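What follows is one structure encoded as structure tokens, with my remarks underneath.
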Amino acid sequence: MVDRRIMRSLLENMERAAEESLRQDSAFYEAVRALKREIEDDPEVRSTVQELEAAGSRVCSSFVPRVRIRVRTEEGVFALPRPAATVAAPGLERVGRLTGELREAVSAAIKRSRYYSELDAIVNEAVGASDRFEGIASEVESAGYEVLICLDLSAYAQARGGFPPPGQGEASGKAGDESFPMPLSGSDRKFLQAMRIRR
């Protein structure tokens, strides 16, 4: 039987090693930037973002691609839990619906992009070249398990309430206001800084 505590530790260490190797990969950085531009230029994405802003929501579009490592065992596939999704407050059904539409539009734009498969190839090559990652992965594979590397591009845009629709609020609601708090973890901030990716 798999010791879940040990497996979690191995998964965390593999994901850290994978992200460290990608921070040093300029091809990954360029492909991420190109994909982000492509998403932002997508007509359906732009239209949904405008609707959310008209409804009084701020859309944070920091692109934080994450490497997710999964381990296949006889008991199933192990993966680290994802952060809980933000649920729209009561009375904000329209915002919740539009946020769902935005996720779908972003997902469709990503799948259509040529950078999607390019990024996948870059990740597999860069992570495979990491001695630290390979050392941990070898330990897992020697125990009879299969290591799966996945690039998670789902965390693109999040809608947040907090400013009234255009024309009804103060300066704090303007799109250029950089004081709006971003819901990012410490590792997300380090990753963004290393990749020089901004909102």
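Couple of notes before you dig in:
- Strands (runs of 3 or more DSSP E) enclosed by region 19-82 - at least 2 residues per element that are within 21 Å of GLU104 (Cα to Cα): 58-60, 66-73
- Of all residues in region 31-60 being crowded, with 17+ Cβ neighbours inside 10 Å and hydroxyl-bearing (Ser, Thr, Tyr), the one that is farthest from GLU125 (Cα to Cα): SER57
- ALA85 being surrounded by fewer than 16 Cβ atoms within 10 Å (Cβ to Cβ) and at pLDDT below 90: yes
- Test for GLU75: is it over 20 Å from ALA121 (Cβ atoms) and surrounded by 14 or more Cβ atoms within 10 Å (Cβ to Cβ): no
- Filter pass, LEU148 being touching a residue at least 12 places away in the same chain (Cβ under 8 Å) and part of a strand (DSSP E or B): yes
- Scope region 105-120; condition surrounded by 13 or more Cβ atoms within 10 Å (Cβ to Cβ) and not in a loop (DSSP other than H, G, I, E, B); matching residues: ALA105, VAL106, SER107, ALA108, ALA109, ILE110, TYR115, TYR116, GLU118, LEU119, ASP120
The values are calculated or read from the model by the stated rules, or taken from the named source; none is laboratory data. These figures come from a predicted structure and were not determined experimentally. Don't worry about glycine lacking a Cβ; one is built from the backbone with ideal geometry, like all the others, and counts go over all protein chains shown.
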